[in-house]
Amino acid sequence: MKQKVALITGVTGQDGAYLSEFLLKKGYEVHGLKRRSSLFNTDRIDHLYQDPHIDGRNFFLHYGDMTDSTNLIRLIKEIQPDEIYNLAAMSHVHVSFEIPEYTGNADGLGTLRILDAVRLLGLEKKTRIYQASTSELYGKVQEVPQSETTPFYPRSPYAVAKMYAYWITVNYREAYGMYACNGILFNHESPIRGETFVTRKITRAVSRIALGLQDKFFLGNLDAQRDWGHAKDYVRMMWMILQAEEAEDWVIATGKTTPVRDFVKMAFSELGITLEFKGEGVEEKAYIASCDNADFQLEIGKEVLAVDPKYFRPTEVELLIGDASKANNKLGWIPEFDLNDLVKDMMQSDLKLMQKDQFLKEGGYDTLNYFE
Ligand code: NDP
Ligand code: GDR
């Protein structure tokens, strides 16, 4: 069988890294779009890097940007991909309120640029396109659980841009007969999740507090509820979506929702530490109630978490819980990780990373202490 060729935009991100690994294992030739940066930005995929001077490579990186059509058209022409996974985006909901125009350009129009490049190059019948859509489209709660038929009500510039991307994908499918699909993915996390998303912010901070590298940390809305899955399960589903006979849109979720506060408790509990929460709203704080782990010297009653309103969003998405029964039934997708597995995986990884920091600190070296 001819080797399949995939192009992944956003290859340096969480999902791009896991998807690259997944497709390489399946025997694909994988091309990734990365942005020029003044520092190396390929940490998550460095283990996949192949020396350009050797023969038989199957992983290639190309400079590019979702805001540059000329670059996207040229790359797609050169690569002639069988599958494009459009994962590149300014993906932080809170930050999108700060840079709304750029977010609309990269996340919304960027998707149009990919679709139209494929059309312009006459690849409509060859190239299948996966669009990284999001549960943020549901925004203000209309119904729960949220499925492919739930109406959208986006609540951030990010979600509004992704709504344009969703519909332009559907439109190109209907107008030009292209195989283009939306995966409406609910939150998915992992040890390589970006450090400013809430789960990773929590697992890093909890590890640092346990090791005595930091006293406390700050979060925003502790009541928000999310349907959290593991990114490894979700990238598998991206591939399954493009192998289906018909191009359709799919919800991918675990069907369970958890408040941010409970994620914090679970992360501490992974290290044998229990918390007590006191106060309400912006006054809410968490204290160490007990510590059953002799490795950590934590004072009982010590304050470890407070609320900082600077992390509140101008408009919030309070409750997400997905109904993935279409994907379960039609594609046979069943996640392998539950929330406990996810928290364990993230805590084990961050504890190890922070132990490195502890070692450096003890040796008199500075370590990163940036927690936005
Ligand atoms: P990340 O933020 O980890 O990765 C985003 C990727 O997009 C990075 O490679 C980033 O490059 C790249 N990127 C950003 N802007 C541009 C641009 N203008 N041009 C080219 N590349 C760009 O996101 P995830 O991996 O978590 O998510 C992947 C996709 O799925 C995103 O589109 C996200 O919106 C969407 N999504 C994510 C969910 C989740 O829970 N993770 C849920 C639903 C949807 P760099 O590394 O240089 O910053
Ligand atoms: P989200 O993820 O906005 O759902 O978008 P994030 O982890 O940023 O927030 C989840 C919830 O936690 C609350 N929260 C905080 N969030 C952050 N980042 N930092 C805090 O300090 C904090 N305190 C409380 C938030 O208010 C929110 O309710 C993610 C991204 O990956 C999107 O790209 C993707 O589309 C959606 O998931 C599905």
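Test PRO309 against the stated conditions and say whether it is loosely packed, with under 13 Cβ neighbours inside 10 Å, touching a helix residue (DSSP H, G or I) at 6+ places or on another chain (Cβ under 6 Å) and either hydrophobic (A, V, I, L, M, F, W, C) or in contact (Cβ under 8 Å) with a residue 24 or more places away in the chain (or both).
Working: loosely packed, with under 13 Cβ neighbours inside 10 Å: yes; touching a helix residue (DSSP H, G or I) at 6+ places or on another chain (Cβ under 6 Å): yes; either hydrophobic (A, V, I, L, M, F, W, C) or in contact (Cβ under 8 Å) with a residue 24 or more places away in the chain (or both): yes.
Judged against the criteria, PRO309 is a match.
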Requested in this report: For THR169, indicate whether it is touching a residue at least 24 places away in the same chain (Cβ under 8 Å) and touching a Phe, Trp or Tyr at 6+ places or on another chain (Cβ under 8 Å).
Outcome: no
Query raised in the report: Just wondering, is there one or more residues in the range 40-55 that are surrounded by fewer than 20 Cβ atoms within 10 Å (Cβ to Cβ), of a type in the set (Phe, Trp, Tyr) and away from ligand 2 (no atom under 16 Å from the Cβ)?
Result: yes
Query - Set GLY110, GLY104: member being small (Gly, Ala, Ser) and either away from ligand 1 (no atom under 11 Å from the Cβ) or free of Cβ contacts under 8 Å to residues at least 24 places away in the same chain (or both) - result: GLY104
Report summary line: Taking the range 222-251 and the residues there that are assigned to a loop (DSSP other than H, G, I, E, B) and within 11 Å of ligand 1 (Cβ to nearest atom), the one that is nearest to the chain's Cα centre (by Cα) would be TRP228
Query raised in the report: Can you tell me which residues in the range 314-365 are surrounded by fewer than 17 Cβ atoms within 10 Å (Cβ to Cβ), under 26 Å from ARG155 (Cβ atoms) and more than 21 Å from the chain's Cα centre (by Cα)?
Result: PRO314, SER325
Query raised in the report: So which helices (runs of 4 or more DSSP H) are wholly in the range 82-128 and hold at least 1 residues that are hydroxyl-bearing (Ser, Thr, Tyr) and within 25 Å of ALA247 (Cα to Cα)?
Result: 110-120
Query raised in the report: In the range 209-218, is there at least one residue being more than 14 Å from ligand 1 (Cβ to nearest atom) and part of a helix (DSSP H, G or I)?
Result: yes
Requested in this report: Note down all Cβ pairs under 8 Å where the first residue falls in the range 237-252 and is in contact (Cβ under 8 Å) with a residue 40 or more places away in the chain and small (Gly, Ala, Ser), the second is buried (at least 17 other Cβ atoms within 10 Å of the Cβ) and part of a helix (DSSP H, G or I), and they're at least six residues apart or on different chains.
Outcome: ALA244/LEU331; ALA247/ARG173
Query raised in the report: Taking the stated definitions as given, is LEU368 surrounded by fewer than 17 Cβ atoms within 10 Å (Cβ to Cβ), of a type in the set (A, V, I, L, M, F, W, C), touching a helix residue (DSSP H, G or I) at 6+ places or on another chain (Cβ under 8 Å) and outside any helix (DSSP H, G or I)?
Result: yes
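Just so you know, all these numbers are worked out from the coordinates, no wet-lab data involved. Everything numeric in this text was worked out from a predicted model, so none of it was measured. Positions of Cβ are backbone-derived with ideal geometry, glycine not excepted, and every protein chain shown enters the neighbour counts.
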